[in-house]
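Please treat every number below as a calculation from the coordinates, not as lab data. Given the structure is predicted, the values throughout are model-derived calculations rather than measurements. As a convention, Cβ positions derive from the backbone with ideal geometry for all residues, glycine included, and neighbour counts pool all protein chains shown.
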Ligand code: NAD
Ligand code: UFG
């Protein structure tokens with residue numbers, strides 16, 4: 001199948017491109033490289049053995065997008081493009097509302113114009129808000145988001161629901177609610193490439209490991225959890241990538257099914273197993289054979305003590321579950337950092 005990845009040069013898009021190519025799909029990407037490098041696409045092509053075409057464009061350019069969908073005979077779109085930094089979204093909310101929502105509206109309009117009916121959307125566990133008890137199932141209500149970034153995801157989910165309900169092309173969508181993706185392709189050729197000082201746990205740890213940052217601050221050691229640090233559902237980015245390939249299969253089955261299937265389905269993508277921040281630090285040290293200096297600091301505003309997935313729907317509908325361990329995530333994250341101390345160069 002011909003599949004377009006918006007934001008395909010980014011962290012999750014580049015890993016998904018490999019999983020899709022390995023499943024026999026023809027992969028196309030569209031990216032404005034606002035948070036990525038064309039080098040990622042070059043390396044994906046090398047790793048997958050498939051020459052991936054990447055259109056250098058803003059997804060808000062609806063006519064250009066519709067033209068690509070038609071010319072490349074795209075049958076399914078995976079929508080990764082958007083901004084993702086929670087902290088930045090608090091200081092620049094309009095940037096986030098504009099980019100994350102306008103790209104989604106533009107894409108839906110282009111798909112309608114080109115007659116493309118299958119969509120997979122990058123949503124986030126943060127749409128559940130702070131009061132939902134873990135493990136969280138998709139039946140839990142969304143909203144109660146603690147920041148503009150998460151609100152853009154909840155709003156885009158609603159926009160996709162509304163577009164599907166009135167779609168002239170029979171839009172069918174899967175909303176993948178990612179938990180905490182970490183790690184990298186085991187080759188160490190592609191990985192996460194944060195600008196400046198990382199906000200997220202794993203890139204911070206790998207930069208401490210590389211000596212770029214002096215030590216990790218663990219945000220809060222007095223939560224009501226087994227070791228006092230927050231619990232998260234960390235998932236290897238290659239497991240997450242493979243979940244997208246299974247979502248493509250799910251949409252194909254739904255299109256050929258005679259029975260009624262819901263037009264828009266939210267699905268949690270995590271392992272279902274919570275690990276604490278300290279578990280990650282200790283596993284990273286054990287697997288890679290050296291200590292990570294850290295101290296316990298104050299809690300970070302907006303952090304939820306425990307957030308992990310009920311993954312039964314992913315198993316039932318996608319026939320997928322995560323197979324890689326926390327040790328795999330820590331080893332592969334370090335291989336990427338070690339081989340690419342400065343990430344990809346940016347243009
Ligand atoms: P990323 O920043 O690495 O990738 C996003 C890509 O989109 C980048 O290559 C960027 O250049 C591109 N982009 C942004 N705005 C664009 C625009 N207007 N036009 C064209 N390209 C544009 O992020 P990622 O970690 O790969 O995340 C992918 C998606 O998954 C995002 O929507 C993100 O919100 C969502 N998500 C990520 C996480 C996570 O922890 N990484 C968790 C939950 C959800
Ligand atoms: N943490 C530290 N020190 C750091 C960085 C993080 O202790 O330097 C802790 C945080 O306090 C939290 C845990 O590590 O307890 C995970 O934090 P991350 O920032 O890595 O991830 P979050 O769970 O806050 O958020 C991530 C993505 C969001 C996404 C969410 C979905 O950043 O985009 O997962 O679960 F919405």
Residue order, fewest to most beta carbons within 10 Å, for 72, 84, 339, 153: 339, 72, 84, 153
Pair residue 46, residue 321: separation of 7 Å Cα→Cβ label points (nm): 3.7
Potential lengthening between residue 23 and residue 109 on full extension [0.36 nm per residue; Cα-Cα distance subtracted]: 28.1 nm
Over the chain: helical MRE at 222 nm, DSSP H runs n ≥ 4 each giving -39500 (n - 2.57), nearest 500: -11500 deg cm²/dmol
Computed label-point distance, nm, for sites residue 95 and residue 73 using a 7 Å Cα→Cβ extension: 4.1
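Give me the percent of DSSP beta bridges within the chain that run antiparallel, rounded to the nearest 5.
Here the antiparallel bridges make up roughly 5 percent for the chain.
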Cα pair count fraction exceeding 16 Å, expressed as % - the range 247-303: 68
Degrees between helix 102-114 axis and first principal axis of the chain (Cα, 0 to 90, nearest 10): 30
Compactness relative to 2.2 N^0.38 Å, alpha carbon Rg of the range 263-331: 1.42
Two-decimal log10 I(q)/I(0) for the chain, as the Debye equation yields it once each C-alpha is a single scatterer, q = 0.10, 0.12, 0.13, 0.14 Å⁻¹: -0.57, -0.83, -0.99, -1.17
Reference-scaled alpha-carbon Rg (2.2 N^0.38 Å with N residues) for the range 151-208: 1.68
The range 114-207: relative contact order as a whole-number percent, Cα under 8 Å and 6+ apart: 33
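May I ask you to derive the relative contact order of the range 1-135, considering only C-alpha pairs under 8 Å and at least 6 residues apart, and to give it as an integer percent? If you can, show how the numbers build up before the last one.
Details: 203 pairs, mean separation 36.1, N = 135.
Across the range 1-135, relative contact order equals 27 percent.
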For the range 205-325, alpha-carbon Rg and Dmax in angstrom: 18.4, 59
Space enclosed by the convex hull of the alpha-carbon atoms of the range 201-242, per residue, Å³: 85
Debye intensity ratio I(q)/I(0), log10, the range 156-274, q values 0.10, 0.11, 0.17 Å⁻¹ (C-alpha model): -0.49, -0.57, -1.00
Between the range 103-133 and the range 160-187, the alpha-carbon center distance in angstrom: 5
Quotient of C-alpha Rg and 2.2 N^0.38 Å, computed over the range 82-210: 1.19
Global geometry of the range 7-83, whether rounded, prolate or oblate, following the gyration tensor of its Cα atoms and the 1.5 cut on a/c: oblate
With Cα atoms, 0 to 90° folded angle of helix 62-71 axis to the chain main axis: 70
Set of the range 109-141 residues, backbone N closer than 17 Å to the point 7 Å along the Cα-Cβ line of residue 102: 109-110
Global geometry of the range 69-115, whether rounded, prolate or oblate, following the gyration tensor of its Cα atoms and the 1.5 cut on a/c: prolate
Computed label-point distance, nm, for sites residue 299 and residue 2 using a 7 Å Cα→Cβ extension: 5.2
The range 60-171: relative contact order in percent, alpha carbon pairs under 8 Å with at least 6 residues between: 33
Inter-centroid distance (Cα atoms) of the range 18-56 relative to the range 198-255, Å: 23
